[in-house]
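Taking it in order: structure first as structure tokens, then the write-up.
Every read-out reported here was derived from the displayed coordinates using simple, explicitly stated rules and does not represent laboratory data. Bear in mind that the values here come from a model prediction, so they are computed numbers and not experimental data. When we count neighbours, we look across all protein chains shown, and the Cβ atoms used for this are built from the backbone with ideal geometry, even at glycine.
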Amino acid sequence: MSLSASDLGVIRDGRALIDGVSLTLNPGEVLVILGANGAGKSTLLRCLSGELRPDAGEIRLNGVPLAAWSSGDCARRRAILPQQSPLNFPFTALEVAAMGRIPHGGPGPGDTRIAAAALAAAEAEHLAERRYTTLSGGERQRVHLARILAQLWSPLPNDEPRYLLLDEPTASLDLAHQHATLALARRWTDRNIGVLVVLHDLNLAAQYGDRIALMKQGRLLALDRPRAVLEPPLIEQAFGLPVSVIPHPEMGCPLVIPRQIAA
Amino acid sequence: MTSAVLASSIAIAGLERRQHRRRWALLALLLLMLVVALLSIAIGPVTIPPAEVLRVVGDNLGLPVGEIAPQHAAVIESIRLPRTLLGLLVGAALAVAGAAMQGLFRNPLADPGLIGVSAGSALAAVCVIVLGEQGLAFLTSALGPFSLPLAAFIGGLITTLVVYRLASRDGQTSVTTLLLAGIAINALCGAGTGLLTYLADDQQLRNLTFWSMGSLGGASWSQVGSVALLIALPLIALPLLARTFNALLLGEAEAGHLGIAVQRMQRLIVALAALAVGAAVAVSGLIGFVGLVVPHLLRLAMGPDHRFLLPGAALLGGSLLLLADLLARTLVTPAELPIGILTALLGGPFFIALLMRQRGMAV
């Protein structure tokens, strides 16, 4: 069982946003999506989240086509962290996190406890009583992280696999919280959860990804272990930037360093 | 870790305390509504002691209450009670519809009057009044007393859909576009209403004046009956959608990810809100700002959670409109101020203050 896309295509205004993309997110792994701006990362994520219906291809959630799931059943198996939310009403952070329990019939008293625990997991428990509208961008991001953790807090019957889709979760976070968030995502793969992360930082991808999907102009350029994908020719092809790759001095994973651009 | 557990338990206790306070606040609002209703029945050209009011109500419920002055009973039963009930229904409908539209547009400035929904309802109702005996005779004879509320509902529905189309793009609504679209629609509907006024005869003209300024005058039991049927549905259904409203505030995509059938729910909300506004406009004309002021006061006091906001809006909306009506008919006795003028006098400055506070925020 997995969250799988086969031969996806999305066409807008006569242009293919993604074209022939096939990939499988397995429970227990962190799959990172990399690519330049406009490479189709967000479009792919929006397809996988059910927000966008692809013009070609099919998506299956645990073997069943996405359209065949009820929206509630889907929400108990798959949670999505948005880049940003248009929320501008003064809920407290705890109330926002508790909204993650809506697919479970909440929020009731038990759900409040789960929401508080989820805030603690996202290192945002000190924000619980604060109004969402007064939080900084990074703080808001962590509250939404808590919300989707609350959404997938307890396992399904038979421990059916579940999936977290994170759209640039590190974009507005400081260095320490970038690593804390991705380490948390890693830990959650132990719960029979597959994590898909859209990232811009190649070194974060190298450090936390089990596999990396490298996209260019709507197509998959490579899909493999970090060591195989983070090769200078592939990176230069995807981003148009010459790089050197050396082994990380402590962890051994690849470390990508941009080289001087020829004037 | 222990400090995290401590912080969590403090936060949980805080939320539970807040929920507890909100429940008491709803109870207090219910009491407020009953007191205001009692005052509204008691005060008027003939002042009736509140105890006597309770006796008349008790008598109608079949309780043994002893001696009642018959003229008091008559005033209460044929004039004050229907007017009070109508005020409660209209106020509740306008406030709940306001809260619902603010949730739908994710914007606290959305008000049925400001964004043109009331004007659309009024235009449709005026159409029925002026053209009902000629062009639309087949419709009015078929629908009877429901033709006016129904027309107002359809007018409100169409304008809500138009405004929603104009103001939202990719699931985001822009306040600026929303309010500008409201100005345009208000102007268009006003022009249509003006044109029909030009065509109207004397009797119709008198009816029309009532629309443009809003009034609960002339409330009758048949009016209360027909409008109660139409308003009851949104008044009961919208608070049941509270969790959907909360989820929608996160954004359309996010609500979808939480398992909400977003498009279906949005259509349902639009229809229910338009029904509430249409029915209210059909019996009381254009009464502005109730839908703006009431939810805003409640959010200040109880926070934005729709599970409390929507029932609270129904209770406070009824009370405030009844209070405004009480002022409207006692300030300049024996004449009567149109209630719409009074709510505009109070609500206009309130809206400006709100706008000033929002100015720093992105629109």
By average C-beta atoms within 10 angstrom, highest first, the peptides B:238-244, B:65-71, A:36-42, A:12-18: B:238-244, A:36-42, A:12-18, B:65-71
Per the Debye formula with a single identical scatterer at each Cα and no solvent contribution, what log10 I(q)/I(0) holds for chain B at q = 0.09 Å⁻¹? -0.53
If each DSSP helix of 4+ residues adds -39,500 (n - 2.57) and the sum is divided by the residues in chain B, what number results at 222 nm, nearest 500 deg cm²/dmol? -25500 deg cm²/dmol
Averaged over residues of A:118-125, the number of beta carbons from other chains lying within 10 Å of each residue's Cβ is 3
Treating only Lys and Arg (+1) and Asp and Glu (-1) as charged, each at its beta carbon, one finds that chain B has a dipole about its Cα centre, in Debye to the nearest 20, of 1100
If you take the charge dipole of the protein assembly as shown about its Cα centre, with +1 on Lys and Arg Cβ and -1 on Asp and Glu Cβ, which of A:Thr133, A:Ala68, A:His200 is farthest toward its positive end? A:His200
Are there trypsin sites (Lys or Arg not before Pro) in the stretch A:123-156 that DSSP puts in a loop and that have at most 12 other Cβ atoms within 10 Å, and which ones? none
q = 0.08, 0.09, 0.10, 0.12 Å⁻¹, the protein assembly as shown: log10 I(q)/I(0) [Debye, one scatterer per Cα]: -0.68, -0.81, -0.93, -1.17
Amide H proximity to A:Val197 below 5 Å, modelled H, separation 5+ or other chain, gives A:Leu31, A:Val32, A:Ile33, A:Leu166
Report, in debye and to the nearest 20, how large the dipole of the protein assembly as shown comes out about its Cα centre when Lys and Arg carry +1 and Asp and Glu carry -1 on their Cβ. 540
Which whole number of Å³ per residue matches the convex hull of the alpha-carbon atoms in the stretch B:57-126? 131
Show me the helices of chain B, taken as full DSSP H stretches, that run 24 Å or more along their long axis by Cα and average -1.0 or above in Kyte-Doolittle hydropathy. B:2-42, B:81-104, B:147-167, B:175-199, B:221-240, B:262-284, B:306-330, B:339-358
Give the Kirkwood hydrodynamic radius (Å, one decimal) of the stretch B:249-363, defined as one over the mean of 1/r across all pairs of different Cα atoms. 16.5
Which net charge results for the neighbourhood of B:Trp24, defined as the other residues with beta-carbon distances under 14 angstrom from its beta-carbon, given Lys and Arg at +1 and Asp and Glu at -1? +4
